[in-house]
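Right, one structure below, let's go through it.
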């Protein structure tokens, strides 16, 4: 005997009454706390996610996927057709040399120093088979973050919170950190899309107030705030009595003021790094100018996850090396190397890595060739939606190299999967089934992968 | 109503009965047709004539089971043998009986409960099909169970074909209706059936006499139809709202602003004397207020997605798009007939050209010259401005191939036209025939083709007398300042570079060449790129070059330019063509203008050719050609006008239902059909379909007048009901979302209403219609925060220099796709990339932060406190400077009512406590920077570099009064005012 949920019954009936009642149920469900903890759909390997987003698109052949063929053909004409550059194109050999690190076949260019330590390198999975679709930044960013190139759909973090809720109700369930500059496409990258607003990513700002207007003006202290909230609660209760109805929407607003008051003290304590030891601060590279910003964000990510935040995302830009590849990528790698290694080490030492999935990825990869810029051989790379590289660690991921690109790194050729399969896999690790994690919107059940995808089993231990 | 769900789906036995019944009915129809052909005599069918069991089984399989298999299973379990999942094929009875890799048969004949397939489609154990979206409905599952139970009959292909053909000759049966369309990509789609209730929007409007056989007067019809439904649900209507509630509701609904305290009291008095007269006078006053168009224009801009920038990579400014915004506001204020409003937005440029050509008797060539020169009169200019509608979607061609960029634009036009005017979602039809609605992909490409010659352009269009051109001079001076700075800074760096270049040439004993001249020289014959520049200078150069371009372009804000379109067979875009889009016929090559179906929406999969055209399922022809009734001429000009004329054809039921439903939605919080952008089978069905039709007819009878519709709605008792209801508990349980309107729905203010109401309360709101966008003060951290655009960081946001400019209504605020005002965004101002049919109002915690802690809210509280103190000092006698009296004023200004004695007492005590607090807690002064240092990670270097940007607006800035500039008494009173702004009472309309 079939026991369909209310939603399924109504969907199936599709009658006038069904639809009317259906929309009322959706609204009724939305009145409940959207971030309350929920059970995963199947046993989860990961509970939390830290996603390190390298905006601009790191070159696979300059980071983790060596291509000696490019070095051989350096500056020779390229007839490859990928990417957007047209006219005369020439191959660009990586300015970096490579070596194998750790026990699982991971390869890294010489710019990675700290990440090469086997203690962390042995945790890494390097996936080389993923393919993007878009060739331009905002669309590709939207695609990697929301599953749709158009922007406006819910982001990964929003889906994760929709599926699982969050542990600490005094903190947002989905926290985003960026550099001072917002990535292209801005907050659309961490949008709740058509999911209820509570699932939107909350941006912890790198300077000034971590959350806009988190604190009152400086002349109003905690006691002042408390007194004000007490008066406000009284006024709202008077109003509630006068309308003769315990209106849920109004009650939710009243509760929000109390939650805001609690967050005002909770958030500063989570982001206050004073309690961290000097060696931890150093492990994340916070004492050196080039790693200070990203190091601080990585350390914050660990503290947030520790405090029950479900999904943390850090955007780090500057990877779009169309020119001056050596300088550009070298500096970017140095800025993330120590913090990333520090984060993995710290998570591992604290036993958090087992259920925290760490992902390091860009929105696409780079081409093996380039065209002339300003009339000269510019040593850089274009955008490539056929091949890219990414790292995954912890949270049930199997260490090692998965997939491969061709001899130039132009196209993924083994274990090739579109972004949607990566998304399905990430949800799977969180104990969520993309085909069931759906939200009825615009006439159909929508899902992160848009139309379904496959789990990439090779990535899972 | 409570029991409808459970009774509707009590058990699967009910469904089985339904299936059997339907099969009998089907057989009856077939029999009837045969009989008719034979003899035309019998009308009764007796038991003997019922078809045999085997025939029932064959029909069940052919018409019910096989279509499910085809739709849901064959993709993975049929077709290509190599590609079959789980070694299971569903293409023949034998293979189904054999089963898949498990070795067990998929079905056990006669025993659905033991059949693997049945448990799989029920998602018990194995889950098939695996996606939620593809999952079988309970009815489909029961159908297959029934088929297994009766022996899994599987007639021959020939027999199946015969049954299908017989079936296709019956327009309507219990499986639904056939709908004639231009035809799908498969016969199965073309011949599929729709439930009548899913087709409601496509069916012609019922006439007024059908809807109102008893001849009930027009002004009672809304109440009549609402009450009729309520009676059926056994609810009673709520009593009428109080006079204070009514004026607040009406004023917000029509103008987006609260009434003043004085207006409330005056209305209460008049209402007590003659409630009907007072009410109708109030509605007339509000409808004739210019504030009306500002508010209803805002609704329309939600649907059409207004923004002053283009979004995506560069977020280019669409300078002068405000002219479209003002056109919309003017149109609402003047109650422009909606059919004209539609035609102008879709084809205003074509109307203008027809008019110009006739007026001046021009040849096509001469007309094209006049187009470029912009030789249009006022009416024609207005029409062209209206086509700003066709320029509202996010669009940029940076790093996108030209044909793809073009497709993105046209797809956007098809989609927004469908949603806005027809309440149809057409985006899904780009790739396939519509899954639920009778819209074949052919119709999508017909409309796509109707836009096929539409090219984007900023056009030369004279300003109108009615357009506000205030502050052009001051703002232009500001832009020139920014431009001069960018140029000077760029030149400094270029100087360094060229000095080094000269040295290089000297060292190499070559004659110096400028950067342009040496561009194509071989590498060894010219200095390296960026010679003499360190990485900081290299990064800065790029920023300055970008800034120079941006500010130079913004000078065009003061030119008579309009964001519009023109017709041409094709156009060629440069890689950065989105920067500047002009009428340019020279660069066009004559490519084909015929449209094609793109299979799966892929530009590379060109399918059959299509003419421009319209939605065939509406059954309203767009052409006189009986052979191709739903097409449009494929001449280069006139396609959009033909499309628009079809949209506003009086027989097109989608258009009028769409607009009256929207108007109803903004009055009642929910549409009669709850998804104003989607009248398709998966959109919400109308709760009061007769009312919707009645209003649509009436709307046309009243000359497509939206103001008449407001009057009709607002004069009804339904609209005047209270939010309170005597039987609230049972009402909430049975109709939690108030779909049957037994009371009025309480609603939260939308973001613009909230900001405007606060400014109105403080006395700071400045009314001025239209013109250049204003820059309100937004959170300074956000205003100055760097924002990536292609190659650079966008210039910082600088607010307007004076409060008079900043404090105008929110509809006039500059809207940047890549930088929303965080306050408005928090209160659910929609993302302008998608059409917004209905604002969210969910309460999220950061709203509390913004309303209590933000600088703008604290400034507003100080502003109203200062206003009250000033007025209080002017009073004489005991009232003078009396705190309780001040509290009273605060209530009047903010909540538009008197405080209760208890409220006055308690808040006075609170303020008194706060005075000593503020005496010992000094506020910090606010400093507005006149320049900022910004930092960007450069792709050339991978390292952050810094550069300075000027903020000249703060050199001569009239800031709001801040907390550090006022007395402790003022701050204490401001504390009270801030609380009142935070109350539910302030934020909600009863």
Those residues of the range B:184-195 which are assigned to a loop (DSSP other than H, G, I, E, B) and over 29 Å from the mean Cα position of the chain (by Cα), in sequence order: B:185, B:186, B:191, B:192
Residue among B:180, B:241, B:201, B:168 that alone is exposed (fewer than 15 other Cβ atoms within 10 Å of the Cβ) and modelled with pLDDT of 90 or more: B:180
Residue identified as surrounded by 19 or more Cβ atoms within 10 Å (Cβ to Cβ) and out of contact with any strand residue (DSSP E or B) (no Cβ under 9 Å at 6 or more places or on another chain) among B:888, B:906: B:888
Test: residue in the range A:333-350 that is modelled with pLDDT under 95 and within 22 Å of residue A:137 (Cβ to Cβ): yes
Residue identified as surrounded by fewer than 22 Cβ atoms within 10 Å (Cβ to Cβ), within 9 Å of chain A (Cβ to nearest Cβ) and touching a residue at least 24 places away in the same chain (Cβ under 8 Å) among B:795, B:786: B:786
Test: residue in the range B:343-357 that is under 22 Å from residue B:655 (Cβ atoms), surrounded by fewer than 23 Cβ atoms within 10 Å (Cβ to Cβ) and touching a helix residue (DSSP H, G or I) at 6+ places or on another chain (Cβ under 7 Å): yes
Which numbered condition residue B:437 misses (of (1) in contact (Cβ under 8 Å) with a residue 24 or more places away in the chain; (2) part of a helix (DSSP H, G or I)): (2)
Filter result for residue B:476 (more than 30 Å from residue A:327 (Cα to Cα) and either more than 34 Å from the chain's Cα centre (by Cα) or without any contact (Cβ under 8 Å) to a residue 24 or more places away in the chain (or both)): no
Test for residue A:461: is it within 27 Å of residue B:682 (Cα to Cα) and either out of contact with any strand residue (DSSP E or B) (no Cβ under 6 Å at 6 or more places or on another chain) or outside the structural domain of residue A:92 (by TED's automatic domain parsing) (or both): no
Matching residues, the range B:812-828, being more than 9 Å from chain A (Cβ to nearest Cβ), touching a helix residue (DSSP H, G or I) at 6+ places or on another chain (Cβ under 7 Å) and surrounded by fewer than 23 Cβ atoms within 10 Å (Cβ to Cβ): B:824
Helices (runs of 4 or more DSSP H) contained in the range B:885-990 and holding at least 2 residues more than 12 Å from chain A (Cβ to nearest Cβ), in contact with a helix residue (DSSP H, G or I) (Cβ under 7 Å, 6 or more places away or on another chain) and touching a residue at least 60 places away in the same chain (Cβ under 8 Å): B:968-982
Residue among B:57, B:79 that is modelled with pLDDT of 50 or more and either surrounded by fewer than 14 Cβ atoms within 10 Å (Cβ to Cβ) or in contact with a strand residue (DSSP E or B) (Cβ under 8 Å, 6 or more places away or on another chain) (or both): B:79
Residue count for the range A:403-428, restricted to those that are surrounded by fewer than 21 Cβ atoms within 10 Å (Cβ to Cβ), part of a strand (DSSP E or B) and in contact with a helix residue (DSSP H, G or I) (Cβ under 8 Å, 6 or more places away or on another chain): 0
Only listed residue being within 13 Å of chain B (Cβ to nearest Cβ) and more than 21 Å from the chain's Cα centre (by Cα), chosen from A:409, A:403, A:380, A:453: A:380
Only one of B:371, B:375 that is away from chain A (no Cβ under 14 Å), within 25 Å of residue B:560 (Cα to Cα) and part of a loop (DSSP other than H, G, I, E, B): B:375
Subset of the range A:176-220 [at the interface with another protein chain (Cβ under 7 Å from one of its Cβ atoms) and over 25 Å from residue B:311 (Cα atoms)]: A:208, A:209, A:213, A:214, A:215, A:216, A:217, A:218, A:219
Residues of the range B:629-647 satisfying the condition of being more than 13 Å from residue B:615 (Cα to Cα) and in a loop (DSSP other than H, G, I, E, B): B:633, B:634, B:635, B:636, B:637, B:638
Cβ pairs under 7 Å, 6+ apart, first in the range B:828-839 and closer than 15 Å to residue B:413 by Cα, second modelled with pLDDT under 85 and in a loop (DSSP other than H, G, I, E, B): B:833/A:151; B:833/A:152; B:834/A:152
Segments classed as helices (runs of 4 or more DSSP H), wholly inside the range B:72-181, with at least 3 members that are within 14 Å of chain A (Cβ to nearest Cβ) and in contact (Cβ under 8 Å) with a residue 40 or more places away in the chain: B:138-149
Subset of the range B:672-707 that is under 18 Å from residue B:219 (Cβ atoms) and part of a loop (DSSP other than H, G, I, E, B) - its residue that is farthest from the other protein chains (Cβ to nearest Cβ): B:703
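Quick grid of which residues meet (1) exposed (fewer than 15 other Cβ atoms within 10 Å of the Cβ); (2) at pLDDT 95 or above; (3) farther than 30 Å from residue A:315 by Cβ; (4) not assigned by TED's automatic domain parsing to the domain that holds residue A:324:
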residue: A:32; (1), (2), (3), (4): yes, no, yes, yes
residue: A:36; (1), (2), (3), (4): yes, no, no, yes
residue: A:39; (1), (2), (3), (4): yes, no, yes, yes
residue: A:67; (1), (2), (3), (4): no, yes, no, no
Restricting the range B:514-551 to residues that are under 44 Å from the mean Cα position of the chain (by Cα), more than 27 Å from residue B:319 (Cβ to Cβ) and more than 9 Å from chain A (Cβ to nearest Cβ), the residue that is surrounded by the most Cβ atoms within 10 Å (Cβ to Cβ): B:539
Residue that is more than 14 Å from every other protein chain (Cβ to nearest Cβ) and either assigned to a helix (DSSP H, G or I) or within 17 Å of the chain's Cα centre (by Cα) (or both), where the choices are A:334, A:338: A:338
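This table checks each residue for (1) outside any loop (DSSP other than H, G, I, E, B); (2) in contact with a strand residue (DSSP E or B) (Cβ under 7 Å, 6 or more places away or on another chain); (3) closer than 18 Å to residue A:397 by Cβ.
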{"position": "A:79", "(1), (2), (3)": "no, no, no"}
{"position": "A:87", "(1), (2), (3)": "no, yes, no"}
{"position": "A:100", "(1), (2), (3)": "yes, yes, no"}
{"position": "A:108", "(1), (2), (3)": "yes, yes, yes"}
{"position": "A:112", "(1), (2), (3)": "no, no, no"}
Residue list for the range A:74-106, filter: under 28 Å from the mean Cα position of the chain (by Cα), buried (at least 17 other Cβ atoms within 10 Å of the Cβ) and either modelled with pLDDT of 90 or more or not assigned by TED's automatic domain parsing to the domain that holds residue A:368 (or both): A:94, A:96, A:98, A:101, A:102, A:104, A:106
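The values are calculated or read from the model by the stated rules, or taken from the named source; none is laboratory data. The structure presented is a predicted model; accordingly, all values stated were derived computationally and were not measured. No Cβ is skipped: glycine too gets one built from the backbone with ideal geometry, and neighbour counts run over all protein chains shown.
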